[in-house]
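Remarks on the structure that follows.
The values are calculated or read from the model by the stated rules, or taken from the named source; none is laboratory data. Quick caveat: nothing in here was measured; it's all calculated off a predicted structure. Heads up, the Cβs are rebuilt from the backbone with ideal geometry, glycines too, and the neighbour counts pull from every protein chain shown. Side chains included, ligands, DNA and RNA excluded: accessible areas come from the protein's heavy atoms. Shrake-Rupley method; radii C 1.70, N 1.55, O 1.52, S 1.80 Å.
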Amino acid sequence: FTVKTEDGDYILTIEGARETTERNEFSEKEVTKVVILDYTYQNISFGQESGEDLYIDEYSFQVLDDEGNVLDTYPVYDENRVAKNTPIGGKCKSSATFAVTTDSKNLNVTFTRGLNEKVANILVPIN
């Protein structure tokens, strides 16, 4: 997705969703699957006026399973894909992890800006 805002432009790419067998021993969430959503963002001109860096984390996504259940984030992380403040010209590979309580085959992902502005929606198969 190319996103144009009053603060500048950026590109968000959803790379895919992958199931992981990793579990957090301290989490009490009942899960059928733990799924990692991989994405990349590239700062074209965001923050040119304000000097603010681009930062897109798991809270920028509203994610549903095949049955329409809204998914919670899950406390497992890919240490090689962590959201970072990204200046103009920079790009960042990141991921967000979600608890899936059904045998869903897909993630229905909506990218949001701010509190309620829905930017784009994509159906991502779980690999």
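Per-residue Karplus couplings for segment 109-116, computed as 6.51 cos²θ - 1.76 cosθ + 1.60 with θ equal to phi - 60°, are listed in order as 9, 10, 8, 10, 10, x, 7, 9 Hz, Gly and Pro entered as x. Of [x] 17.0; [y] 15.1; [z] 19.0, which is the value of Kirkwood radius over Cα pairs in Å derived from the coordinates here? So the structure-derived entry is [y]. Can you find, among T2, S104, N24, the residue farthest towards the positive end of the dipole of the chain? Put +1 on the C-beta of Lys and Arg, -1 on that of Asp and Glu. Farthest towards the positive pole: T2.
Solvent exposure of the chain, expressed per residue, is 58 Å² of accessible area, with all protein chains present and a 1.4 angstrom probe. A cut-off of 5 Å between modelled amide H atoms, ignoring neighbours fewer than 5 places along the same chain, links D72 with A99.
Once you divide the Cα radius of gyration of segment 57-127 by 2.2 N^0.38 Å, the number left is 1.17. Dividing the mean sequence gap of close Cα pairs (under 8 Å, 6+ apart) by how many residues the chain holds gives a relative contact order of 29 percent. Given +1 at the Cβ of Lys and Arg, -1 at the Cβ of Asp and Glu and no other charges, the dipole of segment 1-52 around its Cα centre is 240 debye to the nearest 20.
List the pairs from K29/K93; K4/K91; K33/K118 whose alpha-carbon separation is above 21 Å, in the order I gave them. Listed pairs above 21 Å: K29/K93; K33/K118. Using a probe of 1.4 angstrom, how much of the accessible area of the chain is carbon and sulfur, in percent? It is 45 percent, rounded to a whole number. Pairwise Cα distances in segment 4-45 exceed 13 Å in 67 percent of cases. Per-residue Karplus couplings for segment 4-14, computed as 6.51 cos²θ - 1.76 cosθ + 1.60 with θ equal to phi - 60°, are listed in order as 10, 10, 5, 9, x, 10, 7, 10, 10, 10, 8 Hz, Gly and Pro entered as x.
Charges at C-beta only: +1 for Lys and Arg, -1 for Asp and Glu. How large is the resulting dipole of the chain about its Cα centre, in Debye rounded to 20?
320 debye
Residues of segment 45-72 with an amide N closer than 18 Å to a point placed 7 Å from the Cα of N85 along the Cα-to-Cβ direction: 45-58.
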